[in-house]
Amino acid sequence: MNNIKQAKRQPYTPVLLIEQISYQANDFELQLAANALPDWANQRVVLRNQTGSIYAPVISELTYPISANRTVQISFAEVQTATFKLLQAGTNKITWDAYLVGEQHDQLVQQRLGFTQLGIIDDLAQFTDELLIRPMLLEDQLFAIDVSRPTNGLFVTATNAKWTKQNLVVNGIVKTTAQLPEVSVSVINNMGAVQMTVATKVTGAKFSAKLPIAQLQSLATETLRVALTVDQQQIPLQASFLQSQIEPRNTKISPELWLKLVLSVERVVQVEPLVFPKQTWVMRKIRGGFTKLSKVYLRYFRRGRRFLWKKYALVSGKHLAKQTTIVFESFGGRQFSDSPLATYYEYKRRNLPVKLIWSVNRDLEPLAKEKHIAYIRRGTFKWARTMAKAHALVINARLPMWFPGNQQQLYAQTWHGTPLKKLGVDMARVQMPGTDTLKYKNNFTNEVAKWNALISPNRYSSDIFRRAFNFNGEMLEIGYPRNDKLFMDDNPTQIAALKAKLQIPANKKVALYAPTWRDNQFANIGEYTFELPFDLAQLRAQLGDEYVLVTRMHYLIANQLDFTGYEDFVINASDYSDISDLYLVSDVLITDYSSVFFDYAILNRPVIFYAYDIDAYGEELRGFYMDYQTDLPGTIIKDTTALISELQQLSTNGFAVDERMAKFRELFVVDSKGKSAAEFVDYIQVHVK
């Protein structure tokens, strides 16, 4: 077997360089920690911001030297001037990300700056010339400078919220270009009704309010939101601090009632009641004791099982299998699909002397037996042994963290989409059950360090994958093998056959609805819920004679949508393994923030972006790499009526696309001529011989 280029293992850990930050003489002064500075030549601190569209990005940089005593003076005036140049009509916020940049072996190297401790920058906001400039502490302790242009010259934010023995104390910043108005803090319920109002104490540019816990207790039968009232006008209290900075998180009112202080998805300060059944002291202790014991037992049982699997994999992997073996896995063993399936079919077509095995979960075993597909069940000793001894792994998602990998084998990651939403270490805030931002990024990059090769669909994706995945292996910019079918089968004969297979009436137009998953709509760890965001009855009433709606949910969505009564209008294809077939039979794609439209653009057909929750989603959950309002190759709509109108218009126009799609295809569609799988198999074979 040829030597495989191994990625350098670089777990994600912010370089915690900043020991102290202060504001002095119109400068932000950073004091860097000596023991954290890497051994790079020509070190300096760079503030970087990217604006413009994906078609013409504009990268702005401000560079500052590091003095002999490890201090950095960031010019307040320079940041202000540069920001004014970048602000566009309708843009009220610019964020400058901070990097330590240097040179090593004639290569430019960089690392995001971070903090050594939390909560050291709350009082450093500076307001001038209608801009508020303040250092920011991001979710994973990274450092940035946020510049905001307040609406109507007024800026209000919370800097912390905490429980004391008798009060909920909310502190914040209130700055204005005019005379400071009357300010108070209110508590409102879910209907928007004011439940309590407390006057604030304003000192300079800071405010503080004390909300009595005794009064909150009587109100806390539902979630309460904290709002600022300015001249009798309510402003939701948008918090600039982090959930991890709320300490203590709960306050005990009685044995049955606790109040929990949290940030909502929109980062609004709110109070949630935690009500427990009334029990005797003895019963509470007994039930609590059993609960703790069961949790401890399960934790150590699972930890021990993973330890044994890992050791078994390490021992098994000392020698690869005698026969060349390739293991395929798609979406954690949930499906036979995507680029691993296309690669598998290419191997079967060539009939090479290679052993092909699928990694599947328990639910997929019956289908594997029915199709006579060789498989191993995920999470067994046999699975650990086979994975460790395989010559190559072809995977499109992530493997369990305990799996150690094997330096002798090829781990080829196909991934599963062109990035629209922020990925990996580019995510400013991770909101998923069972993890936090820093832990998620560390686990993600530990996994990526095991990859030897990564498939990319285009140059745009390659650049993002390198940075967001912290990937140092071999980038294969050959297009996704799963998309070969979109080049080869886009013809009337194949489409008619697929419609018959899917039981779609030949005379009906097809709208494919394929939304993304939302990080905040989770049921359990690894399981997410979803509800249709449009009126299905209204869609059928106005479009049912002409259209069929095919739905394809994200694989992480746990609940099965119930389409009872709509069988004549809706076809639920969420479990259909090959989404390329669904692309081919559809006349139009309806999506939101999913990257499916990048693949769909290969067919040069129209896309509708149904972004009913864009205000909350775009800002708070994962963010976007592109300007969602201007860079997309289709129309953005937010309600059922507009969706119906757009579908009717597209049908009238023969599903013609406009110049937006043509411009988009120039940047994102690589004409692989349907040969991506063949190129990928050629690559694998070179490395496993």
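The values are calculated or read from the model by the stated rules, or taken from the named source; none is laboratory data. Keep in mind the model is a prediction, meaning the values are calculated, not measured. Cβ placement follows ideal geometry from the backbone for every residue including glycine, while neighbour counts extend to all protein chains displayed.
Counting residues in region 200-212 that are of a type outside the set (Gly, Ala, Ser), under 20 Å from LEU274 (Cβ atoms) and outside any strand (DSSP E or B) gives zero. Annotation for region 128-138: no member residue is of a type in the set (D, E, K, R) and in the same structural domain as VAL271 (by TED's automatic domain parsing).
Taken as a whole, the structure places PHE465 among residues that are closer than 27 Å to LYS675 by Cα, surrounded by 15 or more Cβ atoms within 10 Å (Cβ to Cβ) and either within 23 Å of the chain's Cα centre (by Cα) or not hydrophobic (A, V, I, L, M, F, W, C) (or both). Of all residues being crowded, with 16+ Cβ neighbours inside 10 Å and among the charged types (D, E, K, R) in region 137-193, which is farthest from LEU87 (Cα to Cα)? Just the residue, please. Only one residue fits best here, namely LYS162. Of the helices (runs of 4 or more DSSP H) contained entirely in region 273-372, those carrying at least 1 residues that are modelled with pLDDT under 85 and out of contact with any Cys (no Cβ under 6 Å at 6 or more places or on another chain) fall at 281-316. Evaluate the following for GLY204: is it without any contact (Cβ under 8 Å) to a residue 12 or more places away in the chain and either closer than 26 Å to ARG134 by Cβ or assigned by TED's automatic domain parsing to the domain that holds ILE253 (or both)? Yes.
Summed over region 463-495, the residues that are closer than 30 Å to ALA506 by Cβ and assigned to a loop (DSSP other than H, G, I, E, B) give a count of 4. Given the criteria surrounded by fewer than 16 Cβ atoms within 10 Å (Cβ to Cβ) and under 30 Å from ASN171 (Cβ atoms), does ALA34 qualify? No. Where strands (runs of 3 or more DSSP E) fall wholly inside region 93-193, the ranges with 3 or more residues that are under 24 Å from GLY623 (Cβ atoms) are 93-104, 107-115, 131-137, 143-148, 154-163.
In region 325-346, the residue that is farthest from ASP581 (Cα to Cα) out of those that are touching a helix residue (DSSP H, G or I) at 6+ places or on another chain (Cβ under 6 Å) and not β-branched (Val, Ile, Thr) is PHE328. None of TYR610, TYR625, TYR583, TYR600 is within 23 Å of PHE534 (Cα to Cα) and within 19 Å of the chain's Cα centre (by Cα) except TYR610. When the residues of region 365-406 are narrowed to those that are touching a helix residue (DSSP H, G or I) at 6+ places or on another chain (Cβ under 6 Å) and aliphatic (A, V, I, L, M), which ends up nearest to PHE331 (Cα to Cα)? Once the filter is applied, the top-ranked residue is VAL394. Taken over region 37-49, the criterion of being under 33 Å from the mean Cα position of the chain (by Cα) and loosely packed, with under 12 Cβ neighbours inside 10 Å is satisfied by ASP39 alone. Take the residues in region 90-106 that are closer than 17 Å to VAL58 by Cβ and buried (at least 18 other Cβ atoms within 10 Å of the Cβ), then tell me which one is modelled with the lowest pLDDT. Result: ILE94. Output yes when any residue across region 64-78 is without any contact (Cβ under 8 Å) to a residue 40 or more places away in the chain and within 20 Å of LEU138 (Cβ to Cβ), and no when none is. The answer is yes, given that some residue of region 64-78 is without any contact (Cβ under 8 Å) to a residue 40 or more places away in the chain and within 20 Å of LEU138 (Cβ to Cβ).
Return the total of residues in region 448-460 being over 12 Å from THR414 (Cβ atoms) and either touching a Gly at 6+ places or on another chain (Cβ under 7 Å) or buried (at least 22 other Cβ atoms within 10 Å of the Cβ) (or both). Residues that pass the stated criteria total 3. Of all residues assigned to region 4-17, none qualifies as being at pLDDT 85 or above and either outside the structural domain of MET626 (by TED's automatic domain parsing) or buried (at least 17 other Cβ atoms within 10 Å of the Cβ) (or both).
Within region 442-458, the residues that satisfy the criterion of being over 19 Å from the mean Cα position of the chain (by Cα) and more than 30 Å from ALA601 (Cβ to Cβ) are ALA449, LYS450. Can you name the residue in region 22-38 that is in a strand (DSSP E or B) and among the polar types (S, T, N, Q) and is also farthest from GLY114 (Cα to Cα) among such residues? Across region 22-38, the extreme among qualifying residues is GLN24.
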